[in-house]
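J.: Have a look at the structure that comes next, please.
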Amino acid sequence: MNRRLLTRICFFVMIPIVVFGGALLFREQHYAWITLCIAVLTCLPIWYDFERRETGSAELMVLSVLTSLSVAGRFLFAWLPGFKPVTAITVITAMWLGAEPGFIVGSLTALLSNFYFGQGPWTPFQMFSWGLLGGLAGLLAKPLRKHKILLCLYGIFAGFFYSLVMDLWSTFWMGEGFSIPRYVALITAALPITLEYAISNVIFLLVLAGPIGEKLDRLRVRYGLFREHQ
Amino acid sequence: MLLSVENVTFRYPKASNDALRGVGFSVNAGDFAVLCGLSGCGKSTLLRLIKRELAPFGDLSGRILVDGTDVTSIGSAAGAAENSAAYGAENAPAATKADPTRDRFSAETVGIVLQDPEAQIVTDTVWHELAFGLENLGLPSAVIRRRVAEMAAFFGMESWYHKKTYELSGGQKQLLNLAAVLAMKPKLLLLDEPTAQLDPIAAADFRSVVARINKDLGVTILMAEHRLEHVLPLADKVLLLDRGELLCDGSPAALAAYLQANAHPMARALPTATRVYLALQGTGVGSAVASEHVNIPLTVRDGRATLLAYSAGKTASDPADKPAGGSVGKPAIAASGVRFRYGKDLPDVLCETSLSVSAGEHYCLLGGNGSGKTTLLSLLAGLKQPYAGSVRLFGKKLSAFAPGTLYRENLAFLPQQPRDVFVEKTIREDLLGAFSRAYSHAFPKAAADVVAEGAAADMLTMCERLHITEILLSHPYDVSGGELQKAALAKVLASRPKVLLLDEPAKGIDVNGKGELAAILKELTAEGVAVLSVTHDAEWAAEHADRCGLLFDGEVISEGEPGEFFAGNAFYTTAANRMAGDFFPGVVTCDDLLRAVEVSS
Amino acid sequence: MDIFIRRHPLVPLCLLLSILLLAMFAQSPRITVPALAGAVLFLCTVRGGFTVRSVIGFLLCWALIAAVNPLFSTGGATPLVFVAGRPYTREALLYGVHLGAMLLAVLLWFRCERLLIPEEHRFFLFGRFAPKLALLISSVLRFVPLLKRRATAMRDAQTAVGIYDDPDWIHRAGSNMTTMSALTTWSLEHAVDTGAAMKARGYGLPGRTTYRTYRFTGTDAAWLSAILVLTASAVLALARGGLGVSFYPNIVFAHADTLTRIGVAAYTILCLLPFLSAIKEELRWCFYRSKM
């Protein structure tokens, strides 16, 4: 009871104070500050919800293994920069297990893989983008599973979404306010990488969706995992 | 009576046979009980039924009492939530809520250590792993701290207490699993073939710790095992399961007598000392011996005493005749002066190592952990490159083979984990893929349907030869270790290799499986294939190799056919040789010894 | 590095957050310079702080940002050259230099993170508030090295049955994909086994506790209040506008009154704390050795 009250206070009192206080304090950088707050604050309620929900041991381990797979995947394909299965595994998790597991896998992959690849101010935004891409795929699970074309489109969308979010943050942070030429320049400079993201997402989704989905189905049928999400 | 199993019958959903039929026995507090039987006899099912959190779903009748409390999962079905789906979603029984009181009782009272050391570790550090179960029980942190400290001291793990769990060796991992379970102070410890994945040294360590837990702490132990050589001397009580039925329940001596009398396949798994003793009895000479040794000998020490009593008044006889080893022909695969290290600043794992294997020969490379034998194998398989020296296949350097030719009709490699070979949903799909590739390589101009037909025919021939036709439609993860090993061998043999490299082929397979595997390898060598197996298992090497070598510190230090190789070793040798070396110097395998005993009587 | 190993993990965390947030958002050379200096000094003192390669990379990055900025902002009163008819100004160049320094300072402080917060403590701080997440993270950190090892073994096995033994990149990517797929099967089965082992050890029983708890000692309180006071004075200076600087058209620093100076000094001390602690440890050892 006490703890819940504390959490509520935290959510409804502290957050506005932090966001607006920060925006006032960092006058020059309030855009950047607010974007950072949005990225971090999107994760909190979802993590909080996950923390409170009861998760069976096998379910927890499946989430752990999927996160580990997408981190290890970054290593496996480290020789092709920008070519990484993180988005694909996040999306596939969300398609088969639901929006929340998708978000958790996506955001945790960002946080944990950066312990190997280097933390930086980009970490919250990676957590936000991958988490959100997972959550969204969870909401679109049915059509995505039915139509290959939609899946491909989602992969392309994911590649661009990820890039645009990252560039948006860079623009806010580096420039004075929002400068459109800077944003355009960043997007243009990042275009090859963005395209690579999009293409690799599509390839990974097409190659991995079937096998991983089958295996997750096998787990669901054989061990009865993740039933509530369906 | 700590554990009592009363008339338990169990059947998996949709199965046509009972996995367990009318099993009933009891184990007293403080006993060390061994549950033995061939793989698939129901050992694991029984252990999992006793540990209610792991109980499989199915039809169960009878009762299981632990310390007077009924732990059977009927009704409140703790496992139901997880396993109900096995019935198919439509007629799955409503998942009842787990019963927290009985769950807590089971978590505190019954501990279990399973076969795979890797799969039971949950967290990333050793100390957290030790604390994990105690955290689950909700103990205050001061109590956890004390228990963890006690465990670390009892197991002597202070030096690796701060390590990451992934840095540990297999043996250390399994000890950690044991320590983590023991920290919860269970009264009953269940062990499901805990040493099957370990090398002999680590396995011996593990067994001695288990014996200490039993003797010093008084924890009751029920251990499932199919290799009896080392556990029988520890056991107070042995239970023999065969196709779900309990055939024998008594002392090790009673088990030995039963196995011998019924010519049960498990008789081959008995300790060498016991087998020799029983053989002597069978020939009539033994009756005199038996009067002096009331107990059946189970260890090398007792076996020597038996032989000593038996050979009193006789002179040491000549070694039994053995067929001369095949002549050493031209080397099929040879490493000469190879050097390898894993990083520029790391020490050499292999230094000027040379080894050659001829066509038609089965060569066993022995060596302890860290001797570099797995590294040498991957060099020979062309998976890693030496920084000096060369590996030649039929005189041609491995690096000189054009891409895509080395692993076609030349070289094949079976990894330690046969699962690694499989990537498809069924064994059939995987094999078919491999055989089609081989077929289209042999007949490059064949049409697609011809390839498909030819490949299917080839595959069936191979599967019949290896007796794996029944498991073709199974998922590679659903079959037993021995079956999977044969299936992996089938896939590897699809390319008709002339050189076959095997990494620990006999690991975790029961006596039947080992025998079948050895027969297949024998056929292959007869066809002229060169077989190199890397192993820890001296018994396997002694029985099936044409030539053995010992790798130590990156160097092959002794080589020879099994007779001379093992006869020259005092410690690194087989139980039969250690027992009978003084009487029959050339004897290295149990069968040799039995033969020698028969001849000289 | 274990400067803060005996401290409650809140201490290094608060220190790092204060330094980082101000360095990221204050936009002032009066903050950037001490932040950069503190990070560089600390990284030079401890082992494993810098490698030659990383230094070159950082410097190149800095130079690039500085050089590119004037191409976007044409503000500033002193044109140096004209590029495609647009002025390339001194002020914009200096703005770029400052921007690069700020980025560098932030990156370097992120680099300090792994030296300041011992890995064992990193997740146990929020292990109290989010035990499930902490357990999930702990198991991921165990699985990743395991999966990497399995991946190598599986790729070798695939190579040796002759599927992907061509060295070209299409085969390589294909073999990695197959490995990925096989790895998925293996790891999901493995997850179920691990889940069973967890359950056998009582996971899911009500009333779970955590072993690793940190006692908040008097020393921790002293550290924490010092950090908070220093941060507060820096924030005060920032809030009063004392740290403001405008680059265009001419570079003008806000007037620095006493409070601003105190604020900047406080932030400087904050940034030097890790360095000073490292030096203290070092000296303690030298002294100790001289007595041996």
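The values are calculated or read from the model by the stated rules, or taken from the named source; none is laboratory data. Because the structure is a prediction, the values reported are computed rather than measured. Neighbour counts run over all protein chains shown; Cβ positions are idealised from the backbone, glycine included.
J.: Using beta carbons and a limit of 9 Å, which pairs, at least six apart or on different chains, have the first residue in region A:56-76 and more than 7 Å from chain C (Cβ to nearest Cβ) and under 17 Å from C:GLY202 (Cβ atoms) and the second one in a helix (DSSP H, G or I) and at pLDDT 95 or above?
T.: No pair meets every condition.
J.: Working only within region B:97-125, note down all residues that are surrounded by fewer than 24 Cβ atoms within 10 Å (Cβ to Cβ), more than 7 Å from chain C (Cβ to nearest Cβ), of a type outside the set (Asp, Glu) and part of a helix (DSSP H, G or I).
T.: Matches in region B:97-125: B:THR101, B:ARG102, B:PHE105, B:THR109.
J.: Turning to a different aspect of this structure: Could you please find all residues in region C:1-15 being part of a helix (DSSP H, G or I) and buried (at least 18 other Cβ atoms within 10 Å of the Cβ)?
T.: First pass over region C:1-15, keeping only residues part of a helix (DSSP H, G or I): C:10-15.
The answer is C:VAL11, C:PRO12, C:LEU13, C:LEU15.
J.: Filter region C:197-238 down to the residues that are at the interface with chain B (Cβ under 7 Å from one of its Cβ atoms), under 30 Å from the mean Cα position of the chain (by Cα) and touching a residue at least 12 places away in the same chain (Cβ under 8 Å) and list them by number.
T.: Answer for region C:197-238, where residues must be at the interface with chain B (Cβ under 7 Å from one of its Cβ atoms), under 30 Å from the mean Cα position of the chain (by Cα) and touching a residue at least 12 places away in the same chain (Cβ under 8 Å): C:THR210, C:THR213.
J.: Something else about it: Can you confirm whether B:ASN177 is touching a residue at least 12 places away in the same chain (Cβ under 8 Å), more than 12 Å from chain C (Cβ to nearest Cβ) and in a helix (DSSP H, G or I)? First the steps, then the outcome.
T.: On the way: touching a residue at least 12 places away in the same chain (Cβ under 8 Å): yes; more than 12 Å from chain C (Cβ to nearest Cβ): no; in a helix (DSSP H, G or I): yes.
No: the conditions fail for B:ASN177.
J.: Out of the helices (runs of 4 or more DSSP H) lying entirely within region A:13-81, which hold 1 or more residues that are within 30 Å of C:SER246 (Cβ to Cβ)?
T.: Numbers: elements: A:15-25, A:30-52, A:57-76.
Per the criteria, A:15-25, A:30-52.
J.: Kindly indicate the residue of region B:247-282 that is crowded, with 17+ Cβ neighbours inside 10 Å and of a type in the set (D, E, K, R) and also nearest to B:LEU593 (Cα to Cα) among those meeting that condition.
T.: B:ARG275
J.: So which of B:GLY171, B:GLY156, B:GLY138 is outside any helix (DSSP H, G or I), more than 12 Å from chain C (Cβ to nearest Cβ) and surrounded by fewer than 23 Cβ atoms within 10 Å (Cβ to Cβ)? Lay out the reasoning, then the answer.
T.: Values: B:GLY171 fails: outside any helix (DSSP H, G or I); B:GLY138 fails: more than 12 Å from chain C (Cβ to nearest Cβ).
Exactly one of B:GLY171, B:GLY156, B:GLY138 is outside any helix (DSSP H, G or I), more than 12 Å from chain C (Cβ to nearest Cβ) and surrounded by fewer than 23 Cβ atoms within 10 Å (Cβ to Cβ), namely B:GLY156.
J.: Now for a different question. Across region B:3-43, what is the total count of residues that are among the aliphatic types (A, V, I, L, M) and touching a helix residue (DSSP H, G or I) at 6+ places or on another chain (Cβ under 9 Å)? Outline the logic, then answer.
T.: The initial filter retains those residues of region B:3-43 that are among the aliphatic types (A, V, I, L, M), namely B:3, B:5, B:8, B:15, B:19-20, B:23, B:27, B:29, B:33-35, B:38.
Now drop any that are not touching a helix residue (DSSP H, G or I) at 6+ places or on another chain (Cβ under 9 Å), which leaves B:3, B:5, B:8, B:19-20, B:23, B:34-35, B:38.
Number of matching residues: 9.
J.: With of a type outside the set (Phe, Trp, Tyr), in contact with a Gly (Cβ under 9 Å, 6 or more places away or on another chain), closer than 30 Å to B:LEU270 by Cα and modelled with pLDDT under 85 as the only criterion, which of B:SER84, B:SER73, B:SER39 stands out? Working first, answer last.
T.: Numbers: B:SER84 fails: closer than 30 Å to B:LEU270 by Cα; B:SER73 fails: closer than 30 Å to B:LEU270 by Cα.
Of B:SER84, B:SER73, B:SER39, the one residue that is of a type outside the set (Phe, Trp, Tyr), in contact with a Gly (Cβ under 9 Å, 6 or more places away or on another chain), closer than 30 Å to B:LEU270 by Cα and modelled with pLDDT under 85 is B:SER39.
J.: Only one of B:LEU377, B:LEU383, B:LEU346 is of a type in the set (A, V, I, L, M, F, W, C), without any contact (Cβ under 8 Å) to a residue 40 or more places away in the chain and in contact with an Asp or Glu (Cβ under 9 Å, 6 or more places away or on another chain). Can you tell me which? Steps first, answer last, please.
T.: Values: B:LEU377 fails: without any contact (Cβ under 8 Å) to a residue 40 or more places away in the chain; B:LEU346 fails: in contact with an Asp or Glu (Cβ under 9 Å, 6 or more places away or on another chain).
From the options B:LEU377, B:LEU383, B:LEU346, the qualifying one is B:LEU383.
J.: For region C:30-54, give me the residue count where each residue is surrounded by 14 or more Cβ atoms within 10 Å (Cβ to Cβ) and not in a loop (DSSP other than H, G, I, E, B).
T.: First, the residues of region C:30-54 that are surrounded by 14 or more Cβ atoms within 10 Å (Cβ to Cβ): C:30-43, C:45-46, C:49-50, C:54.
Still in the list and also not in a loop (DSSP other than H, G, I, E, B): C:30-43, C:45, C:54.
Residues in region C:30-54 being surrounded by 14 or more Cβ atoms within 10 Å (Cβ to Cβ) and not in a loop (DSSP other than H, G, I, E, B): 16 in total.
J.: I'd like to check which strands (runs of 3 or more DSSP E) are fully inside region B:527-597 and have at least 1 residues that are among the polar types (S, T, N, Q).
T.: Numbers: elements: B:530-535, B:547-552, B:555-560.
Of the strands (runs of 3 or more DSSP E) lying wholly inside region B:527-597, those with at least 1 residues that are among the polar types (S, T, N, Q) span B:530-535, B:555-560.
J.: Still on this structure, please answer the following. Only residues that are buried (at least 23 other Cβ atoms within 10 Å of the Cβ) and under 30 Å from B:ALA402 (Cα atoms): list them for region C:177-215, please.
T.: Matches in region C:177-215: C:THR179, C:MET180, C:ALA182, C:LEU183.
J.: Consider C:TYR88 against the criteria (1) closer than 25 Å to A:GLU51 by Cα; (2) among the aromatic types (Phe, Trp, Tyr); (3) touching a strand residue (DSSP E or B) at 6+ places or on another chain (Cβ under 8 Å): it satisfies all of them except one. Which criterion is unmet?
T.: C:TYR88 satisfies all of (1) closer than 25 Å to A:GLU51 by Cα; (2) among the aromatic types (Phe, Trp, Tyr); (3) touching a strand residue (DSSP E or B) at 6+ places or on another chain (Cβ under 8 Å) except (1).
J.: Which condition breaks for C:PRO79 when tested against (1) at pLDDT 90 or above; (2) away from every other protein chain (no Cβ under 12 Å)?
T.: Looking at each condition in turn, C:PRO79 falls short on (1).
J.: Keeping to region A:77-98, report how many residues are over 16 Å from A:PHE204 (Cβ atoms) and either surrounded by 22 or more Cβ atoms within 10 Å (Cβ to Cβ) or free of Cβ contacts under 8 Å to residues at least 40 places away in the same chain (or both). Before you say what the answer is, go through the steps one by one.
T.: Step one: of region A:77-98, the residues over 16 Å from A:PHE204 (Cβ atoms) are A:97-98.
If we keep only those that are either surrounded by 22 or more Cβ atoms within 10 Å (Cβ to Cβ) or free of Cβ contacts under 8 Å to residues at least 40 places away in the same chain (or both) as well, we get A:97.
Looking only at that region, the number is 1.
J.: Scanning region A:189-212 for residues that are loosely packed, with under 15 Cβ neighbours inside 10 Å and within 12 Å of chain C (Cβ to nearest Cβ), which turns out nearest to the chain's Cα centre (by Cα)?
T.: Looking at the filtered set, the residue picked out is A:LEU206.
Let's see how each residue does on (1) more than 7 Å from chain A (Cβ to nearest Cβ); (2) at pLDDT 90 or above:
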position: C:VAL161; (1), (2): yes, no
position: C:TRP169; (1), (2): yes, no
position: C:ASN176; (1), (2): no, no
position: C:MET180; (1), (2): no, no
position: C:GLU189; (1), (2): yes, no
position: C:GLY195; (1), (2): no, yes
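J.: In the set C:LYS132, C:LYS148, which member is closer than 30 Å to B:VAL423 by Cα and either within 14 Å of chain B (Cβ to nearest Cβ) or hydroxyl-bearing (Ser, Thr, Tyr) (or both)? Step through it out loud before you land on a result.
T.: Values: C:LYS132 fails: closer than 30 Å to B:VAL423 by Cα.
Just a single option satisfies the conditions, and that option is C:LYS148.
J.: Looking at region B:163-184, can you tell me whether even one residue there is within 30 Å of B:SER16 (Cβ to Cβ) and among the hydrophobic types (A, V, I, L, M, F, W, C)?
T.: Of all residues in region B:163-184, those within 30 Å of B:SER16 (Cβ to Cβ) come to none.
No, because not a single residue in region B:163-184 is within 30 Å of B:SER16 (Cβ to Cβ) and among the hydrophobic types (A, V, I, L, M, F, W, C).
J.: Let me ask another. Among the residues of region A:24-55, how many are more than 10 Å from chain C (Cβ to nearest Cβ) and not acidic (Asp, Glu)?
T.: In the first step, residues of region A:24-55 are kept if they are more than 10 Å from chain C (Cβ to nearest Cβ); the result is A:31, A:34-35, A:37-46, A:49.
Those still in the list that are not acidic (Asp, Glu) too: A:31, A:34-35, A:37-46.
Residues that pass the stated criteria total 13.
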